[in-house]
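Participant: Before I ask anything, let me first share the structure, which is written out below as structure tokens.
Derivation of every value follows stated rules applied to the coordinates shown; laboratory data play no part. This is a predicted model, so every value here is computed, not measured. Every residue, glycine as well, gets a Cβ built from its backbone with ideal geometry; the counts of neighbours run over all protein chains shown.
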Amino acid sequence: MKSNKRVNFLVVAAVLLVLPLVLQQGGNAWVRILDMSLLYVLLALGLNIVVGYAGLLDLGYVAFFAVGAYMFALLGSPHLAEAFPFIAAAFPEGLHLPIWATIPAAAAVAGLFGVLLGAPTLKLRGDYLAIVTLGFGEIIRVFLNNLDRPVNLTNGPKGINQIDSMKFFGLDLGKTNHFFGFEIPSVSMYYYLFLALVIVSVIICHRLAHSRIGRAWMAIREDEIAAKAMGINTRNLKLLAFGMGATFGGVSGSMFAAFQGFVSPESFSLMESIMIVAMVVLGGIGHLPGVILGALLLAALPEVLRYVAGPLQAMTDGRLDSAILRQLLIALAMIVIMLMRPRGLWPSPDHGKMPVESIKS
Amino acid sequence: MEVLLQQIINGLVLGSMYALIALGYTMVYGIISLINFAHGEVLMVGALTSWTIIGWMQQAMPGTPGWLILLISLLIAFVVCGALNFAIEKIAYRPLRNSPRLAPLITAIGMSLLLQTLAMIIWKPNYKPYPTLLPAEPFQFGGAVITVTQLFILGATAVSLSVLMWLVNYTKLGRAMRATAENPRVAALMGVRPDTVISATFIIGAVLAALAGVMYASNYGTVQHTMGFLPGLKAFTAAVFGGIGNLGGAVLGGILLGLIESIGAGYIGPLTGNVLGSQYSDIFAFIVLIFVLTLRPSGLLGERVADRA
């Protein structure tokens, strides 16, 4: 039994490692889809802390993604130097801080925003919280869209471009690299980076769920009053959940900015927030394999279908183009999966008993 | 001063549309505790349906007076939206009535997305001009201007609110609705059919949304498949603002929100030395919402504490 598990693990690991090398034979676009799916997995894992563990429905999660992305973009692009003379004086080449400064900054600022949002909404529950977080997401987007004056901070709807790629230990992920005679393009390099991040996140989330904090979150989710009566500091723990979830969002955001090399408010619409919530809920709320499954399914499947949409588009004289088809499929998936399996595709076995079971096995 | 008066008129017009939409949200929420995310899309379908009917009637029978065309298209939009919302409830919400609370919320969001996409396929994604059917000559009113369309909006809102209040407070259906909102199980024991009542609630909400949609289209003069989203969101905010589940609260919240938005948009530029412009008007609703919920989490007129732990 045990060796069987190890074999499975090795097979999965080998497939994950070789996958981009195989896919890139068919073109970088396929690896790109993979990269974006991994980013969504990262976001879904972060949101799962807030929605799945602590039971706080957050419909504005993309705001933290946006904050992280913009933070990274501002610190790693010529934009600030162009907009502010005093920065240009100090950094004539433009601000190009190393990722050891930008990613922590993005994570910290996003986490701060998470706590900022959490603080006034502590008293709210359920649907009220959903709508306030939704509003928060919209507020951030409106500000990103309009903060090109009086001072040009975000460059408005045009967005910020020429963002640095990920560079560490002399490795530039933005370029094609050569290892042992193999040519590995930038998208595949990012794939490995994102994969590593996902694995780290899964470990963090898994450990969190079984820690004292995680159990307290689940207690709050199941019955807040009872949790309070058991001596759980619900205020601090809820803030912690918001902050943690937002930090994940911020890190994913900085990855997104570096990967795309360009950010604009368009990428952070409400639709994205809804997609991420849908990933968490469709997959199986609070259950890591479920969340990952949901994220991969919703992120990758429509993208793959985009490539087979051509004939369909020709058949319906252009009315059903790939973007519309994708939206249609996501909408249908949300309805049909929920109707068939209201607890998600791969729900957690039983809420309260999760930690005990894992100790036994 | 004229600016203030004008902004108040605009705010009242905007607010009465919000109020009509908010009523649909609040009635549904009062009975089954669900945010019907597809409500804004029902509004959009209503507006687009009436646009199609108007276009068709203007072609097929020229010379028909504008108000008659508007009335007929409005009635057809009522029927279409009523049937649509009835179907939405039956397909997407009813099977999930006893599921985890997030499940119907996700189907609601899915429905909203589905309707938007279908509308985009049926009506194409471009902006369509919505014809002005009522006399375009505006009235002067103490330095401010009010159009016939805006008067029609205010009048129609007043009439439909009175009818709704009568329906809820003095008819058998209204009593059944209030009973179901209070406690569906006990209401069922008293001989109320919760399913019928819930369907009726969705249909009434859809009719109000269709009315608001036609008003919105006539006031702004364009229709498009995404037009329902923002008013829907703001109307939900209005419903929460007034105290969700409370009909009077929805109306009050809607009108106050309309006024805040319109006056705020008119004054934010001068007040901040043109640093912030009216492009920020869309976020007033949310800022108000955050403040209200922080200070008074159950809304202005809400009595029930939002406690469903």
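Participant: State the extension gain, in nm to one decimal, for the chain segment bounded by A:ASN152 and A:ARG6, taking 0.36 nm per residue of separation less the distance between their alpha-carbons. Don't jump to the answer; show the numbers that get you there.
Facilitator: On the way: separation 146, 0.36 × 146 = 52.56 nm, distance 5.43 nm.
Result: 47.1 nm gained on full extension.
Participant: What is the ratio of the Cα radius of gyration of the stretch B:160-309 to 2.2 N^0.38 Å, where N is its residue count, to two decimals?
Facilitator: Details: Rg = 18.2 Å, N = 150, 2.2 N^0.38 = 14.8 Å.
So the Cα radius of gyration is 1.23 times the expected 2.2 N^0.38 Å.
Participant: Check every DSSP H run in chain A and write down those whose alpha carbon atoms cover 24 angstrom or more along the long axis and whose mean Kyte-Doolittle hydropathy is 1.6 or greater.
Facilitator: Sorted by number, the helices that extend far enough and score high enough are A:99-118, A:186-209, A:288-306, A:322-340.
Participant: Still on this structure: For B:THR222, which sequence-distant residues (separation of 5 or more, or a different chain) have an amide H within less than 5 Å of its own amide H, given hydrogens modelled in the peptide plane?
Facilitator: Here the answer is B:TYR130, since their amide H atoms fall under 5 Å of that of B:THR222.
Participant: For chain A, rounded, prolate or oblate, judged on the Cα gyration tensor with a ≥ b ≥ c (square roots of eigenvalues), a/c < 1.5 rounded, else prolate if a/b > b/c?
Facilitator: Rounded, because the longest to shortest axis ratio a/c is under 1.5.
Participant: Can you compute the FRET efficiency between A:LYS228 and B:PHE141 using 1/(1 + (r/R0)^6), with r the Cβ-Cβ distance and R0 = 60 Å? Round to the nearest 0.05.
Facilitator: Result of the calculation: an efficiency of 0.60.
Participant: Relative contact order, percent, of the stretch B:13-227 when contacts are C-alpha pairs under 8 Å separated by at least 6 residues?
Facilitator: Working: 275 pairs, mean separation 91.1, N = 215.
Relative contact order for the stretch B:13-227 comes out at 42 percent.
Participant: Within a 10 angstrom radius of the beta carbon, how do B:SER33, A:SER77 rank from fewest other beta carbons to most?
Facilitator: B:SER33, A:SER77
Participant: Using θ = phi - 60° and the Karplus relation 6.51 cos²θ - 1.76 cosθ + 1.60, list the HN-Hα couplings for the stretch B:60-67 in order, rounded to whole Hz, with x at every Gly or Pro.
Facilitator: Residue by residue, the stretch B:60-67 yields 6, 10, x, x, 5, x, x, 5 Hz.
Participant: In sequence order, what are the phi-derived ³J(HN,Hα) couplings for the stretch B:181-196 according to the Karplus relation 6.51 cos²θ - 1.76 cosθ + 1.60 with θ = phi - 60°, rounded to whole Hz, with x for glycine and proline?
Facilitator: Running phi through 6.51 cos²θ - 1.76 cosθ + 1.60 with θ = phi - 60° gives 5, 5, 6, x, 5, 5, 4, 5, 5, 7, x, 7, 9, x, 4, 4 Hz.
Participant: Going by C-beta contacts inside 10 Å, put B:ASP282, A:ASP35 in order with the fewest on the left. Walk me through the numbers on the way to the answer.
Facilitator: Numbers: B:ASP282 18, A:ASP35 25.
Taking fewest neighbouring Cβ atoms as first place, the list is B:ASP282, A:ASP35.
Participant: Something else now. Scan around A:LEU345 for amide H atoms under 5 Å from its own, H built in the peptide plane at 1.01 Å from N, and keep only partners 5 or more places away or cross-chain.
Facilitator: It is A:GLY283, A:GLY284, by chain and number.
Participant: Is the shape of chain B best called rounded, prolate or oblate, per the rule: a/c under 1.5 gives rounded, else a/b larger than b/c gives prolate, else oblate, with a ≥ b ≥ c the square roots of the Cα gyration tensor eigenvalues?
Facilitator: Cα axes put chain B in the oblate bin.
Participant: Arranged by the count of other C-beta atoms within 10 angstrom, fewest first, what order do B:TRP67, B:TRP51, A:TRP346 take?
Facilitator: By the 10 Å Cβ count, ascending, the order reads B:TRP67, A:TRP346, B:TRP51.
Participant: Could you give me D for the stretch B:77-228, from Stokes-Einstein at 25 °C and 0.890 mPa s, where the hydrodynamic radius is the Kirkwood radius over C-alpha pairs? Units µm² s⁻¹, please.
Facilitator: Approximately 136 µm²/s, per Stokes-Einstein.
Participant: Taking N as the number of residues in the protein assembly as shown, what value does Rg over Cα atoms divided by 2.2 N^0.38 Å take?
Facilitator: Relative to the rule-of-thumb radius for its length, the protein assembly as shown sits at 1.00.
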